[in-house]
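Asker: Sharing a structure, written as structure tokens. Questions coming.
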Amino acid sequence: MAKFKEIVKFEKENMPSYQYDFLYKRLLPGMIYVVGGALVVIILAIILFFTTESEIIPIIPIIVWGISVIPLLVLFVIHSKKMSLRLLQDKSNEFDKKYKTIDYKKATEKLEDKMLIKDNTLYYDDMSIYLEDCLVYFYAKTLSGAYSFSLLFYKKEEPISDALLVLDLDNSLITYFANNTYLIYNQSAFLLFANDKKEFLRLLLKYNNQKKIDDYLSKTDNKKNR
């Protein structure tokens, strides 16, 4: 129960109010009604089956419950669609402002000032490695209303294990790697995020799995190249 309360609190802090209200003021009560109602009518039908001689009477509660559920399902589909479209548009606008390319020179200067990237070299944990020797993977995920966009740096020629470094995406990183896309392993996903937030978010909300997004974009690219 404590874990559930933590999740609810986290989602209330991170979700738009209309998404939170949809989940907890419409969807959750609706699910309770459907599941709870199903249990009640099944129990009632069993009781009526053994206490009446009719074969029709036990079915009546199930039919009534089923009819009452249909409007709920229709409303759920309608409101879910409206909420999803609004969320997609709002988050696209938000991320268009938050994640954008800036002047390339300023971006490189900021990365150098932070001692992250300089002269095509990545610096981490008092060590350094040429970016050409890295596998740079763009990774996106959403959970309970929170969104994360990161770059994961792995060392090439070694089995994939823990990343050397994980950097949360910002304007400097977007700009640097948008001008050096050959360094990104999943270029299509990164460029889609950089250039078309709305389409990328549509895929993220649909799959919420970076590999599935990469596979989808790979298939799309192959079709275009035929």
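Asker: Let me check I have the definition right: for segment 160-226, take the eigenvalues of the Cα gyration tensor, multiply each by 5, take square roots. What are those semi-axes in whole Å, largest first?
Answerer: Taking √(5λ) for each eigenvalue gives 20, 15, 14 Å, largest first.
Asker: Same structure again: How many percent of Cα pairs in segment 89-155 exceed 21 Å?
Answerer: Result for the distance tail: 40 percent.
Asker: Report the net charge of residues surrounding Tyr207, where surrounding means a beta-carbon distance below 11 angstrom and charges are Lys +1, Arg +1, Asp -1, Glu -1.
Answerer: Summing Lys/Arg as +1 and Asp/Glu as -1 gives +3.
Asker: Output the pairs from Lys100/Lys141; Lys98/Lys141; Lys25/Lys82; Lys114/Lys156; Lys25/Lys81 with a Cα-Cα distance over 21 Å in this structure; if there are none, say none.
Answerer: With Cα atoms farther than 21 Å apart: Lys114/Lys156.
Asker: Quote to one decimal, in nm, the extra length available between Glu13 and Glu112 on full extension: 0.36 nm per residue of separation minus the C-alpha distance between them.
Answerer: Difference between extended and current length: 32.2 nm.
Asker: Return the aspartates and glutamates within reach of Lys106: Cα separation strictly under 20 angstrom, same-chain partners fewer than 8 residues apart disregarded; answer none if there are no such residues.
Answerer: Once the sequence-local aspartates and glutamates are set aside, what remains near Lys106 is Asp96, Asp119, Asp168, Asp170.
Asker: Still on this structure, I have one more. Looking at segment 1-87, I'd like the Rg to Rh ratio, where Rg is from alpha-carbon atoms and Rh is Kirkwood's inverse mean 1/r.
Answerer: 1.16
Asker: 222 nm [θ] for the chain, helices only, -39500 (n - 2.57) per DSSP H run of 4+, per residue, to 500?
Answerer: Result for the chain: -19500 deg cm²/dmol, rounded to the nearest 500.
Asker: Using only the alpha-carbon atoms, how far is helix 2-14 inclined from the longest principal axis of the chain? Give it as 0 to 90 degrees, nearest 10.
Answerer: The helix 2-14 is inclined about 60 degrees to the chain.
Asker: Using a 1.4 angstrom probe, figure out how much accessible area the chain has per residue, in square angstrom, rounded to the nearest whole.
Answerer: Solvent-accessible surface per residue comes out at 65 Å².
Asker: Separate question: Just to check, using Stokes-Einstein with a Kirkwood Rh over alpha carbon pairs, what's the diffusion coefficient of segment 28-131 at 20 °C and 1.002 mPa s in µm²/s?
Answerer: Stokes-Einstein gives a translational diffusion coefficient of 108 µm²/s.
Asker: Read phi for every residue in segment 177-187 and hand back ³J(HN,Hα) as whole Hz from Karplus 6.51 cos²θ - 1.76 cosθ + 1.60, θ = phi - 60°, with x for Gly and Pro.
Answerer: 7, 5, 9, 9, 5, 5, 7, 8, 5, 9, 4
Asker: Carbon and sulfur atoms: what percent of the 1.4 Å accessible area of the chain do they account for?
Answerer: 59 percent
Asker: When the dipole is taken about the Cα centre of the chain, and only Lys, Arg (+1) and Asp, Glu (-1) are charged at their Cβ, what size is it in debye, to the nearest 20?
Answerer: It comes to approximately 880 debye.
Asker: Go through Lys118/Lys155; Lys118/Lys198; Lys155/Lys212 and tell me which ones have a Cα-Cα distance over 26 Å in this structure.
Answerer: Lys118/Lys198
Asker: Could you work out the mean projected area of the convex hull around the alpha carbons of the chain, in square nanometres to one decimal?
Answerer: Mean orientational projected area (the chain, Cα hull): 19.4 nm².
Asker: What is the magnitude of the charge dipole of segment 124-226 about its Cα centre, with +1 placed on the Cβ of each Lys and Arg, -1 on the Cβ of each Asp and Glu, and no other charges, expressed in debye to the nearest 20?
Answerer: Rounded to the nearest 20 debye, it is 880 debye.
Asker: Just to confirm the number: angle between the C-alpha axis of helix 197-207 and the first principal axis of the chain, 0 to 90 degrees, nearest 10?
Answerer: Helix 197-207 sits roughly 50 degrees off the main axis of the chain.
Asker: Now for a separate question. Give me a comma-separated list of calculated 3J(HN,Hα) values for segment 134-141, in order, Karplus coefficients 6.51, -1.76, 1.60 applied at θ = phi - 60°, integers in Hz, x for any Gly or Pro.
Answerer: 10, 9, 9, 10, 7, 10, 10, 7
Asker: Using only alpha-carbon positions, what ratio does the radius of gyration of segment 92-213 give when scaled by 2.2 N^0.38 Å?
Answerer: The value comes to 1.04.
Asker: 5 Å is the cut-off here: which amide hydrogens, built 1.01 Å from N in the peptide plane, fall below it relative to Leu164, excluding neighbours closer than 5 in sequence?
Answerer: When sequence neighbours closer than 5 places are left aside, the close amide H contacts are Phe153, Tyr154, Lys155.
Asker: To test your reading of the geometry: what angle, between 0 and 90 degrees and rounded to tens, separates the Cα axis of helix 210-225 from the longest principal axis of the chain?
Answerer: 70 degrees
The values are calculated or read from the model by the stated rules, or taken from the named source; none is laboratory data. No experiment lies behind these values; they were computed from the predicted model shown. Every residue, glycine among them, receives a Cβ derived from its backbone with ideal geometry; neighbour counts consider all protein chains shown. Calculation scope for accessible area: heavy atoms of the full protein, side chains included, ligands and nucleic acids excluded. Shrake-Rupley method; radii C 1.70, N 1.55, O 1.52, S 1.80 Å.
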